[in-house]
Amino acid sequence: VILASALQRLCLYEAAYGYTQLRLYSHVFMVWLAVAFVWFLVTLWRWPDRFAIGAFVAALGFLVTLNAINPDAFIAGHNLARYGATGKLDAHYLTRMSEDAVPVLVLAIDQVTGDEREVLSGHLRYRLKRMEASARWRNWPSFHLARQRAYDLLAKNRARMERATSLTAE
């Protein structure tokens, strides 16, 4: 009952204020905690020595779920969908997302207006400039595929980002 109540309250927060990393991680964790709890109830009387296997599978499921949904892209996508429905967006929070969110943010430049457009396009231009200034991220110890994809996408959309910033300034 407590877990269901907490999950319901979290869903209300997500609907009202959008997703954050903490809310998403908590949401996914609560679902997998419920799975582990159900497994505990099943194994309590029948197979008490098998609980550890189910708990391990639930923990692994939690990690696989987070890996599969790509948290930063998921959060950016859902918060932008919420912006389309409510007109509310914390653009500054989205600028703190990792390179995984860049494809969603580049697409969002044409969807958002006003200050949100200025914040997103300005940040994406800054991120591109910072990546161009330092080649360290391209060395093999620092290389990350999401970072390379983000750089390629930002370089390809440079004019679009500059145009979005100039449209906002007018």
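Per-residue ellipticity at 222 nm from helix content only, as computed over the chain with -39500 (n - 2.57) for each DSSP H run of at least four residues, stands at -25000 deg cm²/dmol.
Backbone phi angles across segment 11-28, fed through the Karplus curve with coefficients 6.51, -1.76 and 1.60 (θ = phi - 60°), yield HN-Hα couplings of 4, 5, 4, 4, 5, 7, 10, x, 8, 10, 4, 4, 5, 5, 4, 5, 4, 5 Hz in residue order; Gly and Pro are listed as x.
With the convex hull drawn around the C-alpha atoms of the chain, the volume per residue stands at 114 Å³.
Computed over the Cα atoms of segment 68-120, pair by distinct pair, the Kirkwood hydrodynamic radius stands at 10.8 angstrom. Backbone phi angles across segment 66-77, fed through the Karplus curve with coefficients 6.51, -1.76 and 1.60 (θ = phi - 60°), yield HN-Hα couplings of 5, 5, 6, 8, 6, x, 5, 5, 4, 4, 4, x Hz in residue order; Gly and Pro are listed as x.
So what's segment 2-69 giving for Rg/Rh, alpha carbon basis, Kirkwood Rh from the mean inverse pair distance? Ratio of gyration radius to Kirkwood radius for segment 2-69: 1.07.
Note on the chain: with charges restricted to the Cβ of Lys and Arg (+1) and Asp and Glu (-1), its dipole about the Cα centre is near 340 debye.
Readers should treat all values here as calculations from the given coordinates under stated rules, not as data from a laboratory. Remember, it's a predicted structure, so these values are computed and weren't measured experimentally. Cβ: placed from backbone, ideal geometry, glycine included. Neighbour counts: every protein chain shown.
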